[in-house]
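Trainee: The structure follows.
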Amino acid sequence: MAASCESSETSESTLRRRRGEPQSSEASSDDGNAETTHEGDASKYEKRHQFSLQPGTYWLTRVVLLRAIAFIYFVAFGVAYCQNRQLIGERGLMPCKDYLRSVKRYVGGKIGLAALAYTPSILWFLDWEDMDTNLDGIALVGLALSGFVLLSGRANMVIMALLWILYHSLVNVGQLWYAFGWESQLLETGFLAIFLCPFWSLAQLPQRCPPSLISIWTFRWLIVRIMLGAGLIKIRGDRCWRDLTCMDYHYETQPVPNPISYYLHRSPWWFHRFETLSNHFIELVVPFLTFLGRRMCMVNGILQILFQVMLIVSGNLSFLNWLTIVPSLACFDDASLAFLFRRSEGGTRHMVQKIQEEEASGQSPPRTKGMLIRRVLNVSLAVLIGYLSVPVVMNLLSPRQVMNTSFDPLRIVNTYGAFGSITKERTEVILQGTLSADPAAPGAVWEEYQFLCKPGNVKRRPCLISPYHYRLDWLMWFAAFQTYEQNEWVIQIAGRLLADDSAVLSLMDHNPFLGREKPRWIRGEHYKYKFTVPGGPGAAQGKWWVRKRIGSYFPAVNLTSLRGYFQSRNWPHPDIQ
């Protein structure tokens, strides 16, 4: 009974405090401890809910998106800085200067609108006498700008447009080395990022330039098209996607496996069937959740991100999967991304809450001419994306669907797809050299060159490099299931190796003739590779792979025999460079 009265008095005291009514000194004295406790609880409650955010705004989403896009740009420009000289530089395998000259001749010999429309690049306006410096300069500026956005989470339209123009300038002269779907995907993603930002301000939360819902939806539309394109090309492509057996081969035959691929390849058959079914569900069904309200859109975002993380873990697919995560982030609003930001007073999360409170109380900034222009710009973006999406949607609906294709020269809206067909056996081209004067002599010793990441030495552990990308290694994967006549650049590599060319050797992991004479002959051998069985006899010997020779990929060549081949293709002969 006493306990009941005490509880009643405490409750009455608390109600009086909340109503602002005076309390008796007796109540204050007797319930002093209770008052302190309740004040502490209230303080904790207020602190816990101090920075809670309401759904429907995208200030934090913009910060996360900009940092994610900047990260991909940083990786892409880093790859360009490390590899462009060897691939498209002055002495590269496919010099971009020669490519620009051929385009110039094709459009009439002038650098004008026709040349820019055919190959949009600022390299047209730079001094061609030192193309290596131009390529390095573009990459370094890109690294600096993307690094700034990545670290600060701040950007404006000028910075994001510059990044887009700089990367466009490389992709459009990169020829075979940049002919991958993720290059167009990065350009499209980068273009959409321009419209996320204020024109000039570098404020992280510019109150007069809230993130446009139109801009957010352009990213959502991108992830829908990416996934549907990838899913439909599989269903229409290789039969193994329909009979659920593709994953029996994928981990072993993908372009550049990693160590985890080795173990996933030996998963039980039922797990591979589950993987294939899950792939179809994620790519063909889940994207439609985007249009079913906030919660379902977030479910789509979560599933897409988890799916891309699994792909990142299971293989080295360049920065493709990292890039595909980016538009999925647009499925989340401020309330759902708040956990990524600290609760500190005056921090980004706190400032967004203040903006939300001001908007709720009708204290939004007065509309200005600039805000009106911004609205017109956003509507124009929606019209542009809608118009350019028409051929893309028609392609998705077509039974003759093509993947990784651009329908406009600026690659603003593209069609995507990946692994429409799966190779069932892994083949590799192994380059070998010898010091023997006679390549056919029984005693000729052939020594192997090793690439940076692709399989070669059967005892070398598969590499783990994602999101970085070795462009030459990737192209060697394509060359292995084609012929050298379809990949003439392989013969150019052979010639460069005969001349001990430092540019090409920098793309290699192991030169067997380092510190010795130059090789007299180079040949290409064709091998079939298979993973060893974990715990099996091969693995016990330290082997990750077993291989079997298929035959010759190209015959033994020397500098003399290659002279005519190089001249007919207007390549500089390696021994006179």
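Trainee: On the basis of being farther than 30 Å from H265 by Cβ and either free of Cβ contacts under 8 Å to residues at least 60 places away in the same chain or crowded, with 19+ Cβ neighbours inside 10 Å (or both), does G495 make the cut?
Mentor: yes
Trainee: When you go through L377, L320, L372 one by one, which is the residue that is under 19 Å from L213 (Cα atoms) and surrounded by 15 or more Cβ atoms within 10 Å (Cβ to Cβ)?
Mentor: L377
Trainee: Of everything in segment 154-194, what is open to solvent by less than 30 Å² (accessible area, probe 1.4 Å), outside any helix (DSSP H, G or I) and out of contact with any Cys (no Cβ under 7 Å at 6 or more places or on another chain)? Give them in sequence order.
Mentor: Across segment 154-194, the qualifying residues are N172, G174, F180.
Trainee: Pick from segment 423-453 the residues that are among the polar types (S, T, N, Q) and over 30 Å from G315 (Cβ atoms): which of them is farthest from the chain's Cα centre (by Cα)?
Mentor: The qualifying residue farthest from the chain's Cα centre (by Cα) is S436.
Trainee: Here is a follow-up. Would a scan of segment 456-464 turn up a residue that is within 24 Å of I422 (Cβ to Cβ) and crowded, with 22+ Cβ neighbours inside 10 Å?
Mentor: Within segment 456-464, one or more residues are within 24 Å of I422 (Cβ to Cβ) and crowded, with 22+ Cβ neighbours inside 10 Å.
Trainee: Take segment 548-560 and flag every residue that is part of a helix (DSSP H, G or I) and open to solvent by 70 Å² or more (accessible area, probe 1.4 Å).
Mentor: T560
Trainee: Kindly state which helices (runs of 4 or more DSSP H) lie completely within segment 447-508 and contain at least 2 residues that are touching a strand residue (DSSP E or B) at 6+ places or on another chain (Cβ under 8 Å) and within 28 Å of G181 (Cβ to Cβ).
Mentor: In segment 447-508, 471-480, 489-498 are the helices (runs of 4 or more DSSP H) which contain 2 or more residues that are touching a strand residue (DSSP E or B) at 6+ places or on another chain (Cβ under 8 Å) and within 28 Å of G181 (Cβ to Cβ).
Trainee: Can you name the residue in segment 243-255 that is assigned to a loop (DSSP other than H, G, I, E, B) and touching a His at 6+ places or on another chain (Cβ under 9 Å) and, of all such residues, is least open to solvent (accessible area, probe 1.4 Å)?
Mentor: Per the criteria, the residue is C246.
Trainee: Which one of the conditions (1) touching a His at 6+ places or on another chain (Cβ under 9 Å); (2) open to solvent by 50 Å² or more (accessible area, probe 1.4 Å) does S121 fail to meet, given that it meets all the rest?
Mentor: (2)
Trainee: Related question: When you scan segment 29-108 for helices (runs of 4 or more DSSP H) that lie fully inside it, which ones turn up with 1 or more residues that are over 30 Å from L192 (Cβ atoms) and at pLDDT below 95?
Mentor: It comes to 32-48, 96-106.
Trainee: Does at least one position in segment 268-279 carry a residue that is free of Cβ contacts under 8 Å to residues at least 40 places away in the same chain, open to solvent by 40 Å² or more (accessible area, probe 1.4 Å), of a type in the set (D, E, K, R) and part of a helix (DSSP H, G or I)?
Mentor: yes
The values are calculated or read from the model by the stated rules, or taken from the named source; none is laboratory data. The structure displayed is predicted, hence computed values, not measured ones. Note that each Cβ is placed from the backbone with ideal geometry, even for glycine, and that neighbours are counted across all protein chains shown. Only protein heavy atoms, including side chains, enter the accessible area calculation; ligands, DNA and RNA are left aside. Shrake-Rupley method; radii C 1.70, N 1.55, O 1.52, S 1.80 Å.
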